[in-house]
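The values are calculated or read from the model by the stated rules, or taken from the named source; none is laboratory data. Keep in mind that what you see is a predicted model, and the values were worked out from it rather than measured. Positions of Cβ are generated from backbone atoms using ideal geometry, with glycine treated the same way; all protein chains shown enter the neighbour counts. Calculation scope for accessible area: heavy atoms of the full protein, side chains included, ligands and nucleic acids excluded. Shrake-Rupley method; radii C 1.70, N 1.55, O 1.52, S 1.80 Å.
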Amino acid sequence: MSDFSTVPAEAKVLDQKYVMPTYGRLPVEFVRGAGAVLTDSAGNDYIDFLGGIGCASLGHAHPKVAAALKEQVDKVWQVGNYYYVENRGELANGLSTLLSRITDETGHETGSTGTHWKTFFTNSGAEANEGAIKLARRWGEVNLDGAYGVVSAKKSFHGRTLATLAATGQDVFHKTFRPMPLGFDSVELNDIDALRSAVENPSEQCGPVCAVMLECVQGEGGVWPADYDYLCAVRELCDEYSLMLIIDEVQTGFYRCGAPFCFQRSGIVPDIVSMAKGIADGFPMGAFAARAEVADLLRPGDHGSTFGGNALAVAAARATVDALRDEEIGEHVIAVGKHLRHRLQVMDHVTEVRGRGLLRGAQLDVPVANELVDEGLACGLVLNHIGDSIIRFLPPLVITREQIDEGMDRFEALLAKH
């Protein structure tokens with residue numbers, strides 16, 4: 001454990017005394033940011049390879065998002081969803097366009113499906129996935145004789161509410177909070193036979209199946225990608241049994257993997273898509289969208305959110321989505337994501353590099369990931385680990401090739417010490 005720390009003593013005391021101890025905090029307090037660089041309370045700069053856990057899609061303090069928030073702060077913040085809100089319809093329209101994009105397998109945009117999507121706005125990814133599950137169960141009620149089960153993948157992560165924990169295919173998240181809600185099961189990713197068996201012969205805990213819920217890259221589970229052929233086969237299976245296909249794009253959406261949404265790289269069209277993180281450049285927001293004929297199954301009173309889609313959130317999100325498109329960030333992500341992968345692949349102790357675009361996981365042959373995160377701070381790197389042998393990279397999408405090279409030089413030097 002590094003003895004590096006720049007946290008003011010008073011801040012540490014107050015946090016430990018008054019904040020619930022649900023995080024093992026790293027010894028730094030960030031007070032400013034610009035692009036892919038963070039600055040701590042002592043004035044030290046860091047290249048950010050975590051991006052607020054994948055949220056700072058346009059980087060820190062992007063001028064267009066900052067301007068949109070400043071303008072909205074002087075107008076109105078919150079009125080509730082009983083009323084129309086400026087920018088909300090425009091944002092939903094923009095999301096429908098983005099969700100309808102067609103790309104090739106590498107993420108380059110080639111056209112549009114013309115699909116009409118409708119969106120419900122939330123505050124977080126977990127809430128987005130809760131809403132997606134509710135909509136899928138409404139589909140099961142109306143079209144599948146009341147079927148309610150949802151099958152996900154092992155090593156998945158869908159949130160920390162009880163329902164989204166139950167959908168999460170990692171028992172480590174379940175054991176302290178049992179009993180888990182019924183209506184969920186998980187099978188191995190990329191095993192279409194296992195998924196078919198779970199759909200055709202559902203377990204007692206799952207019950208009759210109404211939906212399949214998948215991430216295109218399992219970020220929290222170790223950066224494990226779903227094969228394109230597998231996703232196409234899942235789409236066919238869902239069509240065969242009239243199931244909803246829910247794609248969780250909370251971590252992979254908004255050009256994180258090069259395409260506007262990662263599912264587009266496989267050529268499929270889901271029924272429901274959940275999103276959050278990069279949608280508003282770090283401002284707290286989430287959403288789930290569905291094809292219009294599915295979305296219209298929800299009626300007034302079926303679902304709600306006091307703060308979801310409020311004036312500040314939609315102003316930030318609209319500015320973010322517009323800037324991501326206008327700055328052609330997808331092409332940049334494809335190029336620099338490939339460069340990051342190449343830099344990692346040639347390093348000692350890195351046995352595999354997984355993921356897509358700027359969501360990458362470096363598998364290590366030595367269990368030193370915890371130490372690397374601690375030691376990284378001392379040399380100006382913000383890193384993230386999954387377990388003791390995987391380093392996950394989620395930098396702001398605006399990170400430059402030069403910043404990647406500088407960061408990877410420092411990271412390689414850290415690895416060499418082990």
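Remarks
- Sites ASP191 and LYS134 - FRET efficiency at Förster radius 25 Å, r taken between beta-carbons, to 0.05: 0.35
- Euclidean distance of C-alpha centroids, segment 291-358 and segment 145-188, integer Å: 23
- Per residue accessible area in Å² of the chain, where ligands, DNA and RNA are left out and the probe is 1.4 Å: 44
- Percent breakdown of C-alpha pair distances by 10 Å bin, ordered from the shortest bin, for segment 311-389: 16, 34, 28, 19, 3
- Contour minus Cα-Cα distance for LYS175 and GLU328 (0.36 nm per residue): 50.7 nm
- For the pair ASN44 and ASP3, the difference between a 0.36 nm per residue extended length and the Cα-Cα distance amounts to 13.2 nm.
- Segment 220-251 and segment 64-80 have Cα centres separated by 36 Å.
- Under the span-like rule (Cα at least 30 Å along the axis, Kyte-Doolittle mean at least 1.6), DSSP H helices of the chain: none
- Straight-line cross-link reach from LYS134 at under 23 Å between alpha-carbon atoms covers these lysines, not counting any fewer than eight positions away in the same chain: LYS118, LYS154, LYS155, LYS277.
- Start at zero, step by 10 Å, and the Cα-Cα distances of the chain spread as 5, 22, 32, 27, 13, 2, 0 percent across the bins.
- Dipole orientation for segment 14-85: of the candidates PHE30, ASN44, GLN72, GLN72 has the Cα lying most toward the positive pole (charges on Cβ; Lys, Arg +1; Asp, Glu -1).
- Fluctuation leader among ASP185, ASP281, ASP348 - the chain, Gaussian network, Cα springs under 10 angstrom: ASP348
- The residue among THR176, PHE254, ALA319 whose Cα reaches farthest toward the positive pole of the charge dipole of segment 167-325, with charges on the beta-carbon of Lys, Arg, Asp and Glu, is ALA319.
- Spin-label model, ASP296 to LYS70: label points 7 Å out along the Cα-to-beta-carbon direction sit 4.4 nm apart.
- The C-alpha atoms of segment 200-331 occupy a region whose extents along the principal axes are 46, 39, 27 Å, arranged from largest to smallest.
- Share of carbon and sulfur in the accessible heavy-atom surface of the chain [1.4 Å probe, %]: 52
- Per the chain, cysteines lacking a partner by the 4.7 Å Cβ criterion: CYS55, CYS206, CYS210, CYS232, CYS238, CYS379
- Length available on full extension from ALA11 to ASP104: 0.36 nm per residue minus the Cα-Cα distance, which gives 28.7 nm.
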